[in-house]
1. What does the highest-first list of 277-290, 237-250 look like by mean Cβ count within 10 Å?
2. Is the shape of the stretch 292-347 rounded, prolate or oblate, going by the alpha carbon gyration tensor and its root eigenvalues a ≥ b ≥ c, with a/c under 1.5 for rounded and a/b larger than b/c for prolate?
3. Measure off, as a whole percent, the carbon and sulfur share of the 1.4 Å-probe accessible area of the stretch 435-483, all protein chains present.
4. To the nearest 20 Debye, how big is the dipole of the chain about its Cα centre, given +1 on the beta carbon of each Lys and Arg and -1 on that of each Asp and Glu?
5. Answer with one residue from THR309, VAL143, SER368: the one whose Cα lies farthest towards the positive end of the charge dipole of the chain, charges on Cβ with Lys, Arg +1 and Asp, Glu -1.
6. Which one, LEU441, VAL4, ILE36, projects farthest toward the positive side of the charge dipole computed for the chain from Cβ point charges (K/R +1, D/E -1)?
7. Can you check how the C-alpha radius of gyration of the stretch 182-296 compares to 2.2 N^0.38 Å, as a plain ratio?
8. If you take the charge dipole of the chain about its Cα centre, with +1 on Lys and Arg Cβ and -1 on Asp and Glu Cβ, which of ALA276, THR427, VAL127 is farthest toward its positive end?
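The values are calculated or read from the model by the stated rules, or taken from the named source; none is laboratory data. Quick caveat, the model's predicted, so the values are computed rather than measured. Backbone-built Cβ (ideal geometry, glycine too); neighbour counts: all protein chains shown. All accessible areas refer to the heavy atoms of the entire protein, side chains included, with ligands and DNA or RNA removed. Shrake-Rupley method; radii C 1.70, N 1.55, O 1.52, S 1.80 Å.
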Amino acid sequence: WEDVSIPDLPFPTRAVMSSVDASHFNAGTAYVAVDIHRTGEYAPHFYRTRDFGKTWTAINNGLPVNQPSGNFSRVLREDTKKAGLLVAGTESGMFVSFDDGDNWQSLQTNLPNTSYRDATIKGNDLVVGTYGRGIWVLDDYAVLRQMTTDVARQSVHLFKPDASVRVRRNVGDNTPFPPETPHALNPPDGVVVFYSLAAKPAGDITLDVTDSTGAMVRHMSSVAMSPVPESARPPLPNFWIRDPESLPTAVGLNRTNWDVRYDAPPSFTHSFEINANPGLTPTSPEGALAAPGLYTFKLTVDGKSFTQTARVANDPRSSASLADVSAQALLLKKIQDGIRATYEGAAQVTAYRTALGTAASADTTTESAKAIAEFRAKLGVFGGDDGGRGGGGGRGRGGAAAPTFTSVHARFLTQLATQDKGDMAPTAAMLQSLAASCRDLNALVASWNALNAKDVLSLNMLLSKRGGKPLTAAKALTAPKCG
């Protein structure tokens, strides 16, 4: 042993070395928090050595000294991934240094004014322990590891997100804590994204997430989406429902998160699969969970774009292999393609029905009315009963309702919901169900395109002849390769 005591400490025989942290990067470097408050000295005393304790440097610049609760030193830690990034806890708050302790600034944010007795870095989380005010976690603090003077001067900066883990949301249906039960929310799901803005943007900002092939996965905007109609009267108390979210645009540092899901698919009706946390129950259907892999994030502000990448790993607790999850993700993509195609087909049926309502009121001749009635009947084959809610316009073999855009759409949504219960390789039954829905969709698309090419033209000729307003022909549908 060698004596490496810090010289010139006030009341050295009563000083407490409350924490000693050896550098993760440089041999001979260490950091010490010295507590001398038992002598009535309430100022902070943090020290650094770079030569194995032969000499010590006081590193207290920027730390407050006159807070009512005292500012004496409790803990000092060096970040595990970036040299020179330090965090310190005193009797009154938390502080951060980006230059190896030469200068400090507050890291208090929403922390209580209390004594910070210990701190540790776990992965990309900073965990601090207080005296009587609980344990606090600063999660995914990539922004601290990347902060430099140059970054702070930029008008817009998109920080590189930390790697994340693909974790499914709470699916404990109908088992929430009572609101009066004390509990804390989990960190945001998925990839946490930080960006800084030096000034208020002139217009909307967007964040696009694409996969390794460049395909769009998620589009987020500072313009909040309108709530679905069902949210006005949900089947559960309103405080459980998650409101539509938007990208923050505050001057300074902003944070959002991508929950590793695709954009929500279009749907005629919506429900709420309760999440066991107030304010976090999402609107269903949700977008499918994306596969593990590398994703690109593109932030667009006032016409300029900034990109970063982040990797999403598979949940280590999952029993499904990467091959299983990748196969499931491919199945989900096909299901979502089917959902969009059937929704578009049903929307085209509705558009024709709406236009025919106008045409019928404007043209009351027998020939035109008969032609419109015949065309409406044909629309029922594709869209069900007038109004778009019917399961079928006719009967198939065995008396079963013939498939329509709306009924096949509902089948795809059921398949999507089934896949959201856990990681799994697609079973033979799942693949057969998808193939059957895709066959019906392909048949519907082929017949619908034929109707658009022939019947709409014939009806428009008659309407024009009788002085009526012709229908605007719908664009041809393309059946996705989902089978």
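1. Highest-to-lowest ranking by the protection proxy: 277-290, 237-250.
2. Because a/c hits 1.5 or more and a/b fails to exceed b/c, the stretch 292-347 counts as oblate.
3. 57 percent
4. So the magnitude is around 1840 debye.
5. The residue sitting most towards the positive pole is SER368.
6. About the Cα centre, the residue reaching furthest to the positive side is LEU441.
7. Normalised by 2.2 N^0.38 Å, the Cα Rg of the stretch 182-296 equals 1.16.
8. Of the candidates, THR427 comes out farthest on the positive side.
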